[in-house]
Each structure stands twice: as structure tokens, then as C-alpha cells.
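Report on one structure; see the data block that follows.
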Amino acid sequence: MKLHEYQSKELLERFSVPVPRGQVATDAATARKIAEELGGKCVVKAQVLMGGRGKAGGVKLFDNADAAAQFAGELIGKRLVSIQNPQGMVVEKVLVGELVDIAEEYYLSVLLDRAEQRLVVMISKEGGMDIEEVAHTKPGAIVRLHVDPAWGLADYEVRDAVASANIPGPARRQMVTMIKALVKAYLESDADLVEINPVAWTPDGKLIAADAKVSIDDNALYRRSEYEATKDDSAEDPLEAEAARRGIAYVKLDGDIGIIGNGAGLVMCSMDEVKAAGGRPANFLDVGGGAQAERVKSCVELVLQDKAVKGLLINIFGGITRGDEVAKGILEAFSTLDVNIPVVARVEGTAAEEALALLEGTKIVGASTMQDAAAKVVSLAYA
């Protein structure tokens, strides 16, 4: 679950990471009051979980409270659209924060390195940029420091990593302290990502988290009731947010062939087969084991809400999941929805014969194998 910027900064501040002063506003009057408390000079940032907020017009600097309040009033309720999120998100709140005078910008993050099976601290002198771009154009500019799961980080390791990243001497001591605080915040907050970009080095010699991004492990949310209110808007895509509300494992992709399967491995194999057949997967959707008809119907409805979908592949291997229940769910969905795209279903395993009998004579095209199903849906969708 992704946290808003203001939530991320509040979390980091609890672990003694310096952050700019600021508060959240949901209306222009509150924004004016906060701006006045900051002396008029402030930055107003839309609190939406999407990339490219600045380019989309969601971030602006001001030198007086009236102008800040007017902008906040115009921004709240507006749908921001960016390259990263073409469907956009509606702004419900803004962060009004103090301006930070920045002399230099650095990058700092803590995340899980699955290949190494341990946490990794990433440090770069090239802050303020997309870290993927830095990794592509200047791979040597990123220093990685792995955290020993038994012993943690030794001070000398952190000092060496900071020096290797070419962080200027005057900032190094504060950077070491910030790194240790971030690792502690990661571990004690059930995070799966803690990122500061940029880490601002001010002219008066202070390191400040000018921006922050924190993501909490979904499996630990039962321990994080303070984030329950913003749980549903933690997805950048509105369909992913809707899937979260329905309890469906769904990830939006940029293709046009919808995919539904039971089991993560089977869904990923289905995606590979669609790609091999010349198609582009529009989503990942795992209906789950033991899926009942109503749940299958909900999954079909969700995939078809994506207007980019030109064809739908349903791939079910019945173990716990009964094929006839899946077929009933598909038919229920089709009885209430206006489906005008080709749908191909492959059902194997428990009650597969009953499922095929239910689907016989409908618009749904049957397939004997996963490869056959992928080839058929791609051919029909792109005909």
C-alpha cells in the first residue's frame, strides 16, 4: 500500500528524519491558514498517488498566502492526468509546506533486494531525477549497501558507502544518521519501500527530506489501522483501487487482451502465451482458489471496465476451484453486461466437462489448451 507524501513525511519524522514543516488541507480556507503560518512562502502539492504530479500541474510555489489558497481551491476536486497515469486521479487534499532552499539534491532509499534476500540501501549524488534514468545513464552513480539480516549495518559500512557515493564531506555525517534512521523506519513500519528524492542539502548545511515515498507491506496492514482510511486510494490506477475494494488480485497493464486465471503462476503463464501469440496483456488477475460464481462474475466485470480490452482470455485449472462454478460466473456476468468483445475460455480439471457443457452454444469460444486459447483470443481480438 502506497502512502501519500504527507503520510510518508509524518512517518519519517517519527524516526527523527528532518522534513519540511507543512500540513494537509481539504479546502482553500485551511490552505490559506497553513500558508499564513508558514509566512506566506510555501509550496502546494496535490496529494494523489500518481507519478508526474508536477508536470500535470499539481505542484506550485507561492510567495503569499492568498495565491496559495486560490491555487489550492482550484486544485481540490480537479482530475490530474499525467503520462504515467493517463486516466488521472481526482485531488481530494493538498499538502501546504514550507519552501526548502536547496543547494544540492541527493537520492536515498531502502527496499528489499529479493535476489540477495536482504535489504539494500541505495545512495546517489544524482538526486531529484528518476532513479531508473540515473541507473540507465549513470549506473556508477548509484551505490548499493546491503543490510545483514542478523547484524544490521555497521557504522563504518555506512560511512564507506556515503563516501563511495561522493556525497560532499560536510553532508556525510548527517547522511549516515539519515540512512540509519531510514533502515529503522523501514523495519519498524512494515514497509517494503522507503524513498527520499530529493534529499535536500540546504545552504545553511542541513539535510532535509524534501520529498518522501513510503509503501507499506499489504500483508502487515492489519497492524497499521492508521492507514485504513486511505487504503482504497493507494493504487495509482482507478481499476486497481476498485479491485482492492473487491478483494481481487489485479494489476493493470498497458495491453489490450484481458486475462483471468486461478493461481498466480497460471495467470503469468497465460500472459506469456498471449505475448508469444502476438498479443499484449491488459492485466494480471488471479481469481483465487475455490472461486464461486459470484466472484468470477465480479472479476469479469472488473476486466471489462478497462475500455482498452479487445479480447478476454479465461484460463482455469480446476483443483479446489470447480470448473462449473467458474462457468456459472461467466454466464452470470454475460447476462448482465453488454459484452461485444471475443471471449475464449479454457477449463481443465475438476468439473471441466460440466463447465464446457454449460458454455456450449454461447458466444464464448472454447479451447483445449492454454496455447490454443491464447492463439484464438489474439486472432479474434485483432481480426
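The values are calculated or read from the model by the stated rules, or taken from the named source; none is laboratory data. Given the structure is predicted, the values throughout are model-derived calculations rather than measurements. For neighbour counting, all protein chains shown are included, and Cβ atoms are generated from backbone atoms with ideal geometry for every residue, glycine included.
Annotations
- Out of Ala185, Ala209, Ala171, Ala264, sole residue that is closer than 30 Å to Val377 by Cβ and of a type in the set (Gly, Ala, Ser): Ala264
- Just one of the listed residues (Gly278, Gly258) is outside the structural domain of Asn219 (by TED's automatic domain parsing), touching a helix residue (DSSP H, G or I) at 6+ places or on another chain (Cβ under 7 Å), buried (at least 24 other Cβ atoms within 10 Å of the Cβ) and not aliphatic (A, V, I, L, M), namely Gly258.
- Selection status of Gly73, buried (at least 16 other Cβ atoms within 10 Å of the Cβ) and touching a Leu at 6+ places or on another chain (Cβ under 6 Å): no
- Spans of strands (runs of 3 or more DSSP E) in the range 152-222 with at least 2 residues surrounded by fewer than 20 Cβ atoms within 10 Å (Cβ to Cβ) and in contact (Cβ under 8 Å) with a residue 12 or more places away in the chain: 191-201, 213-216
- Lys45 vs. criteria modelled with pLDDT of 95 or more and either under 18 Å from Asn197 (Cβ atoms) or polar (S, T, N, Q) (or both): yes
- Taking the range 59-126 as the region of interest, the strands (runs of 3 or more DSSP E) fully inside it that hold 1 or more residues being basic (Lys, Arg), in contact with a strand residue (DSSP E or B) (Cβ under 6 Å, 6 or more places away or on another chain) and not assigned by TED's automatic domain parsing to the domain that holds Ala150 are 59-62.
- Complete set of residues in the range 6-48 that are out of contact with any helix residue (DSSP H, G or I) (no Cβ under 7 Å at 6 or more places or on another chain), over 18 Å from Ala65 (Cβ atoms), crowded, with 22+ Cβ neighbours inside 10 Å and not basic (Lys, Arg): Ser8, Val48
- Selection from the range 334-366 of residues that are within 19 Å of Phe284 (Cβ to Cβ) and buried (at least 21 other Cβ atoms within 10 Å of the Cβ): Val343, Val344, Ala345, Arg346
- Residue in the range 128-145 that is more than 23 Å from Pro168 (Cβ to Cβ), surrounded by 11 or more Cβ atoms within 10 Å (Cβ to Cβ) and either at pLDDT 95 or above or in contact with a Gly (Cβ under 8 Å, 6 or more places away or on another chain) (or both) present: no
- For first residues located in the range 353-365 and outside any helix (DSSP H, G or I), partners that are surrounded by 12 or more Cβ atoms within 10 Å (Cβ to Cβ) and lie 6+ apart or on another chain with Cβ distances below 6 Å form the pairs Ile364/Val343; Ile364/Ala345; Val365/Val344; Val365/Lys376.
- Any hit, the range 101-111, residues being modelled with pLDDT of 95 or more and of a type in the set (S, T, N, Q): yes
- Hey, Glu226 free of Cβ contacts under 8 Å to residues at least 12 places away in the same chain and either exposed (fewer than 15 other Cβ atoms within 10 Å of the Cβ) or over 30 Å from Gly319 (Cα atoms) (or both) or not: yes
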